[in-house]
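Below: one structure, written as structure tokens.
Laboratory data are not the source of any read-out in this text; all were calculated from the coordinates shown. Quick caveat: nothing in here was measured; it's all calculated off a predicted structure. Because the Cβ atoms are built from the backbone with ideal geometry, glycine has one as well, and the counts that use them run over all protein chains shown.
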Amino acid sequence: MKFEVHLDSAAGKTTHIVDLQKDGDACKIFLDGQAVDADVVLAAPHAVSVLLNGIAFEIHVSPSPGGTYKLQTGSHEIQAEVRDPRAWRGRKHGALEVKGRQEILAPMPGKVIRLLVKAGDQVEADQGLVVVEAMKMQNEIRSPKKGKVERLQAGEGQLVNAGDVLAWVE
């Protein structure tokens, strides 16, 4: 199964072809036609541990309403879009908004330094809710949908772990 992966980072924009091939219980991975020795494990909600050609990475993944993903590893932040070339090209990618009550989780351990909303506030999709400082970087955690902030679980100054619930948006 082949996918187009579009990356946008401070280093620039790139596109790669990732080919996943089932080999019994294992999976062979090819990046731009070259075999890659990789192993991926879900380390925490929205965080994966990747062993790529013998080098370990911890990557925090935050879905964005537009159908893209924000990837953070160390001090690097990358926007990623994954496209299945077999998908119908006429379809608008990312046009669907998530439905139902959504838990807003801390993508990484850190400290809540600012609340941008309060319980009962109406929010738009992709609107900032909470700012978490991690590794001396401020990360704005955004709403995945238009709705109402049902409850804030975190307060300013509170330490949080990856996967901790920060808020709920209904």
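Relative to the Cα centre, the charge distribution of the chain, modelled as +1 at Lys and Arg Cβ and -1 at Asp and Glu Cβ, gives a dipole magnitude of about 580 debye.
Here are some pairs, K2/K145; K13/K146; K13/K111; K28/K70; K70/K136; which of them have Cα atoms lying more than 22 Å apart in this structure? Intermediate values should be presented prior to the final figure.
On the way: K2/K145 29 Å; K13/K146 29 Å; K13/K111 31 Å; K28/K70 25 Å; K70/K136 18 Å.
Violating the 22 Å limit, Cα to Cα: K2/K145; K13/K146; K13/K111; K28/K70.
Shape analysis of the chain based on the Cα gyration tensor places the equivalent ellipsoid semi-axes at 31, 20, 14 Å, largest first.
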